[in-house]
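Peer 1: My questions all concern the structure below.
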Protein chains: 6
Amino acid sequence: MKISGRNKLEATVKQVVMGQVMAKVVMDYKGTELVAAITVDSVEDLGLKAGDKVTALVKATEMMVIK
Amino acid sequence: MKISGRNKLEATVKQVVMGQVMAKVVMDYKGTELVAAITVDSVEDLGLKAGDKVTALVKATEMMVIK
Amino acid sequence: MKISGRNKLEATVKQVVMGQVMAKVVMDYKGTELVAAITVDSVEDLGLKAGDKVTALVKATEMMVIK
Amino acid sequence: MKISGRNKLEATVKQVVMGQVMAKVVMDYKGTELVAAITVDSVEDLGLKAGDKVTALVKATEMMVIK
Amino acid sequence: MKISGRNKLEATVKQVVMGQVMAKVVMDYKGTELVAAITVDSVEDLGLKAGDKVTALVKATEMMVIK
Amino acid sequence: MKISGRNKLEATVKQVVMGQVMAKVVMDYKGTELVAAITVDSVEDLGLKAGDKVTALVKATEMMVIK
């Protein structure tokens with residue numbers, strides 16, 4: 001199975017903060033902190049918790065460039 | 001100046017491919033390839049070319065998690 | 001493997017139109033036409049062509065509601 | 001009035017969950033569950049509630065493909 | 001008919017540039033230039049051309065803040 | 001420093017509403033109300049409060065057109 005999304009970053013979950021609808025997933029990727037805002041349903045569906053090895057996925061059209 | 005977007009990856013531009021409206025910017029981030037699809041106007045405005053030190057920016061709501 | 005993206009529509013590819021950077025993938029989902037704009041790299045990576053059985057993926061934060 | 005967004009799915013609202021800022025709107029689309037994360041303001045502005053006939057809208061650049 | 005997207009800017013189309021898959025729509029909003037990258041199919045479907053009165057639509061989750 | 005995002009709207013913050021994970025930032029832009037849904041972390045990082053002069057940033061691929 002392959003996904004069209006071009007950016008796949010293998011990261012480790014550091015923290016999960018649950019709100020009522022949205023959750024914050026803080027990850028470590030090679031020393032850089034990544035933050036994903038996903039639904040609490042997704043956190044529960046994936047069973048996300050600190051220490052999990054995950055892949056952060058970003059579509060190419062969602063990435064900007066600063067110079 | 002600070003930007004609300006939570007994910008900032010310091011990367012190096014490897015390749016820029018220009019289409020008519022959209023351009024592909026391929027970057028290297030610590031050995032992982034990143035791909036951003038931005039407008040050709042942006043590439044020209046920033047003067048993006050291979051070798052440039054840039055920051056890839058992604059809003060937290062645009063990042064998914066795979067486990 | 002599970003993806004946090006909440007919307008997964010099992011569709012059939014009807015047409016792929018290649019540009020220089022972006023490609024259009026037209027799909028059929030139970031009689032409704034779906035259109036995804038992804039990179040040509042993704043089309044080549046997945047080997048997408050008419051007739052393929054695929055899953056269209058949309059993050060919950062990317063879906064609007066009209067009433 | 002026409003909207004540029006290419007993906008329009010006629011669905012029925014099954015559930016609305018209100019958070020403080022974001023709300024979850026669960027819909028049924030031809031037997032598939034759709035989930036939109038929109039602001040609570042939008043839910044109130046549209047008066048969204050279970051049973052409503054709505055259209056889920058997704059821009060082509062926000063749709064990925066899995067194969 | 002109401003759309004959940006919170007940001008609606010009444011603008012005037014200044015220029016439309018067609019690529020193979022994506023098109024650039026440049027608009028004027030009270031003296032500020034807006035740029036939307038939408039599919040060429042959308043441009044044709046809406047019959048977009050310079051001088052058109054349109055509304056630029058942005059979902060709240062897609063807007064960042066710089067300070 | 002330049003950002004590839006094409007749409008930059010100079011606005012004034014009118015209200016900030018904090019949820020547990022996401023925050024709503026209401027802005028005034030030349031008489032039109034703008035709403036951004038960003039993380040509470042971003043609000044704290046930028047120190048956002050009513051009266052602040054800010055720039056609302058939107059990537060061209062995130063803007064739709066209604067006609």
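Here, each number is a calculation from the coordinates, and none is a lab measurement. Owing to the predicted nature of the structure, the values given are computational and were not obtained by experimental measurement. Here Cβ is always computed from backbone atoms with ideal geometry, including for glycine, and neighbour counts include all displayed protein chains.
Peer 1: Give the residue from B:31, B:48, B:19 lying farthest towards the positive end of the charge dipole for segment B:8-50; charges sit on Cβ (+1 for Lys and Arg, -1 for Asp and Glu) and the dipole is referred to the Cα centre.
Peer 2: B:31
Peer 1: Residue F:18 to residue C:49: FRET efficiency via 1/(1 + (r/R0)^6), r the Cβ-Cβ distance, R0 56 Å, to the nearest 0.05?
Peer 2: Efficiency, from the Cβ-Cβ distance: 0.70.
Peer 1: Treating the point 7 Å from Cα along Cα-beta-carbon as the label, what are the nm separations from residue D:10 to the other copies, to one decimal?
Peer 2: Label-point distances to the other copies, shortest first: 2.4, 3.1, 4.7, 4.7, 5.4 nm.
Peer 1: In whole percent, what relative contact order does chain A give with Cα contacts below 8 Å and a gap of six or more residues?
Peer 2: 40 percent.
Peer 1: Tabulate in residue order the Karplus-calculated ³J(HN,Hα) for segment B:55-67, using 6.51 cos²θ - 1.76 cosθ + 1.60 with θ = phi - 60°, rounded to whole Hz; enter x for Gly and Pro.
Peer 2: Result, ordered by residue: 10, 7, 10, 9, 6, 4, 6, 9, 9, 9, 10, 10, 9 Hz.
Peer 1: Expressed as a whole number of Å, what is the distance separating the alpha-carbon centroids of chain F and segment E:10-67?
Peer 2: 19 Å
Peer 1: Around residue F:55, under 10 Å between beta carbons, what's the net of Lys plus Arg minus Asp minus Glu among the other residues?
Peer 2: Neighbour charge sum, excluding residue F:55 itself: +2.
Peer 1: Note the distances from residue F:30 to each other copy's matching label point, with points 7 Å along the Cα-to-beta-carbon direction, in nm, sorted shortest first.
Peer 2: 0.7, 4.1, 4.1, 4.2, 4.3
Peer 1: Which three lengths, in whole Å and largest first, does the protein assembly as shown cover when its Cα atoms are put on their principal axes?
Peer 2: 47, 47, 42
Peer 1: Along the axis that rotates chain E into chain F, which residue of chain E has the nearest beta-carbon, and what is the gap in whole Å?
Peer 2: Nearest Cβ to the rotation axis, residue and whole-Å distance: E:62, 2.
Peer 1: Determine ³J(HN,Hα), in whole Hz, for all residues of segment D:33-40 in sequence, where each value follows from phi through the Karplus function 6.51 cos²θ - 1.76 cosθ + 1.60 and θ = phi - 60°; x replaces Gly and Pro.
Peer 2: Karplus values, whole Hz, x for Gly and Pro: 7, 10, 10, 10, 9, 10, 6, 5.
Peer 1: From the phi of every residue in segment C:23-30, what ³J(HN,Hα) in whole Hz does the Karplus formula 6.51 cos²θ - 1.76 cosθ + 1.60 yield, where θ is phi - 60° and glycine or proline is x?
Peer 2: Computed from phi, the couplings for segment C:23-30 are 10, 9, 10, 9, 10, 10, 10, 6 Hz.
Peer 1: A further question follows. As a check on your grasp of the helix formula, calculate [θ] at 222 nm for chain F: sum -39500 (n - 2.57) over DSSP H runs of n ≥ 4, divide by the residue count, round to the nearest 500.
Peer 2: Calculated from helices alone, the mean residue ellipticity at 222 nm is -2500 deg cm²/dmol.
Peer 1: Where does segment E:8-50 land on the Kirkwood hydrodynamic radius, alpha-carbon pairs, in angstrom?
Peer 2: 10.4 Å
Peer 1: Mind putting a number on the dipole of the protein assembly as shown about its Cα centre? Charges go on the C-beta only, +1 for Lys and Arg and -1 for Asp and Glu, and I need it in Debye to the nearest 20.
Peer 2: Rounded to the nearest 20 debye, it is 0 debye.
Peer 1: Would you pull out the residues with amide H under 5 Å of residue A:5's amide H, same chain only if 5 or more places away, H placed 1.01 Å from N?
Peer 2: D:65
Peer 1: Enumerate by residue number the trypsin sites (Lys or Arg not before Pro) in segment D:4-66 meeting two conditions: DSSP loop (anything except H, G, I, E, B), and at most 15 other Cβ atoms within 10 Å of the site's Cβ.
Peer 2: The qualifying sites are D:30, D:49.
Peer 1: If the label for residue E:53 sits 7 angstrom from Cα along the Cα-to-Cβ line, what are its distances to the same label in every other copy, in nm to one decimal, shortest first?
Peer 2: Label-point distances to the other copies, shortest first: 3.0, 3.3, 5.1, 5.1, 6.0 nm.
Peer 1: Given the options A:56, A:23, A:37, state which has the largest fluctuation in a GNM of chain A using a 10 Å cut-off (strictly under) for Cα springs.
Peer 2: Comparing A:56, A:23, A:37 in the GNM, the peak value goes to A:37.
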